[in-house]
Amino acid sequence: MDLFAAMKQYEHEQVVFCHEPSCGYLGIIAIHDTTLGPALGGTRFWSYASSDEAVTDALRLARGMTYKAAVAGLNLGGGKSVIVGDNKRPDREAIFRAHGRFVESLGGRYITAEDVGTTPADMAFIHFETNHVVGLFGLSGDPSPVTAHGVYVGMKAAAKAKWGSDGLAGKTVAVQGCGSVGYWLSTYLHKEGAKLVVTDVDEAKVKRVAEATGARAVPADAIYGQAADIFAPCALGAILNDATIPQLKVQIVAGGANNQLAEERHGDDLDRRGILYAPDYVGNGGGLINVYGELNGWSKDQAMKRAEGIYESLATVFRIAARDRIPPHQAADRMAEERIAAVKGLSPMAYRRRS
Ligand code: NAD
């Protein structure tokens, strides 16, 4: 891999390669853009097949965080780190303290948090070495109720754009994944009077949602073809692809899962079919808002209130899409880029950074 070419392609600021021989720690910290503030993004612990794969993942994820923070209106840039190895290994203190030292060495340009393969206990080890870590025990806590609240209000913004009213009572929503986000989203929708069709590969998770909301359960593969108004992906990424999109009978896709489009062109495909797609990183920004609240000492209620701004963010995305005659996933990117460019363009006299 030509690393500088990769950094130039998407304008990454910095990539730090980290090694601590005593415990075999290998890490990469990627900082994409700090125009809006310090780069915040979680630490992913994963057994990558090669160094190239690890770097590519770190670069891609870091850039995604820039866009997510920008559209959420937060004073944060985008970054992400990866630790290479078996995420079940037991010697966590050494690994995460080593990682924490490298995070500290960046002097606050990068703030880390949990991601795939890491837990609040791992963040506590990082915290022994640096204050530039969020998602700690006893602080902002489980982000999923806030994430789901943002997805819910975002779904209402999509309904308003599609049908002229944001009421969801009587609408049928097909929810894929009854885990943390899927559970909370289903309860919010049920409270408003939406009808629910749900699925999960874990029977116990389906049962919990069905009991709380009266949802009808369907097999995992059947969720795509449901005669529903809205499809809410809340499980895995890349589920909007060549095989699933032709099965969809819905008019809106709005859910909490990350990286729902298998490829960018699948966003175009949804648009061609008249299905309004609420770009995932705009709708699921509540999790990031929740940890941002931790940095700023917000209560859970304040984080919830702030997540309500996702309604207006998505309404703006749909307006830009209509204005520029582009699909919403491209409009979301444009909205993020416009905000970053506006802040970058401020004269030095107006320069003021808050966090
Ligand atoms: P979770 O692990 O609690 O729930 C995911 C659920 O999906 C599990 O119950 C799992 O059994 C189910 N699942 C897996 N494969 C499936 C399949 N093929 N069909 C149906 N169900 C399947 O995770 P979560 O925290 O609820 O996150 C869900 C999604 O939202 C993920 O993509 C995550 O990255 C994203 N997200 C979560 C948050 C958050 O605050 N938790 C924030 C932003 C984005």
Looking at ARG60, ARG89 in this structure, which one is surrounded by fewer than 24 Cβ atoms within 10 Å (Cβ to Cβ), at negative phi, under 15 Å from the mean Cα position of the chain (by Cα) and free of Cβ contacts under 8 Å to residues at least 24 places away in the same chain? ARG60
Of the residues in the range 220-243 that are among the aliphatic types (A, V, I, L, M) and touching a helix residue (DSSP H, G or I) at 6+ places or on another chain (Cβ under 8 Å), the one that is farthest from the ligand (Cβ to nearest atom) is ILE230
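One line per residue, one yes/no per condition, for (1) touching a residue at least 24 places away in the same chain (Cβ under 8 Å); (2) more than 21 Å from TYR277 (Cβ to Cβ):
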{"residue": "GLN176", "(1), (2)": "yes, no"}
{"residue": "LEU189", "(1), (2)": "yes, no"}
{"residue": "GLU192", "(1), (2)": "yes, yes"}
{"residue": "ALA204", "(1), (2)": "no, yes"}
{"residue": "ALA210", "(1), (2)": "no, yes"}
{"residue": "THR213", "(1), (2)": "yes, yes"}
{"residue": "ARG216", "(1), (2)": "no, yes"}
{"residue": "ALA228", "(1), (2)": "yes, no"}
{"residue": "PHE231", "(1), (2)": "yes, no"}
Among the numbered conditions (1) within 14 Å of the ligand (Cβ to nearest atom); (2) closer than 18 Å to ILE252 by Cβ; (3) more than 25 Å from the chain's Cα centre (by Cα), tell me where LYS195 comes up short. (1)
How many residues does the range 70-87 hold that are touching a strand residue (DSSP E or B) at 6+ places or on another chain (Cβ under 6 Å) and not in a loop (DSSP other than H, G, I, E, B)? 8
For the range 251-264, does any single residue satisfy the condition of being of a type in the set (A, V, I, L, M), more than 30 Å from LEU136 (Cβ to Cβ), more than 13 Å from the ligand (Cβ to nearest atom) and crowded, with 22+ Cβ neighbours inside 10 Å? yes
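Okay, residues lined up against (1) farther than 16 Å from VAL209 by Cβ; (2) in contact (Cβ under 8 Å) with a residue 60 or more places away in the chain; (3) surrounded by fewer than 22 Cβ atoms within 10 Å (Cβ to Cβ):
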{"site": "ASP122", "(1), (2), (3)": "yes, yes, no"}
{"site": "HIS127", "(1), (2), (3)": "yes, no, yes"}
{"site": "GLY138", "(1), (2), (3)": "yes, no, yes"}
{"site": "VAL151", "(1), (2), (3)": "no, yes, no"}
{"site": "ALA157", "(1), (2), (3)": "yes, yes, no"}
{"site": "GLY170", "(1), (2), (3)": "yes, no, yes"}
{"site": "VAL173", "(1), (2), (3)": "no, no, no"}
{"site": "SER180", "(1), (2), (3)": "no, no, yes"}
{"site": "TYR183", "(1), (2), (3)": "no, no, no"}
Which condition from (1) crowded, with 22+ Cβ neighbours inside 10 Å; (2) within 14 Å of the ligand (Cβ to nearest atom); (3) under 23 Å from LEU270 (Cβ atoms) is the one that ASP200 breaks? (3)
Would you be able to say whether some residue in the range 170-189 is under 28 Å from ILE239 (Cα atoms), more than 21 Å from the chain's Cα centre (by Cα), small (Gly, Ala, Ser) and more than 13 Å from the ligand (Cβ to nearest atom)? yes
Is there a residue in the range 278-297 that is closer than 30 Å to ASN131 by Cβ, more than 15 Å from the ligand (Cβ to nearest atom) and surrounded by fewer than 17 Cβ atoms within 10 Å (Cβ to Cβ)? yes
Might you check whether a residue that is in contact with a strand residue (DSSP E or B) (Cβ under 9 Å, 6 or more places away or on another chain) and within 12 Å of the ligand (Cβ to nearest atom) occurs anywhere in the range 149-167? yes
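All of the numbers you see were taken from the coordinates with simple rules; none came from a lab. The structure presented is a predicted model; accordingly, all values stated were derived computationally and were not measured. Because the Cβ atoms are built from the backbone with ideal geometry, glycine has one as well, and the counts that use them run over all protein chains shown.
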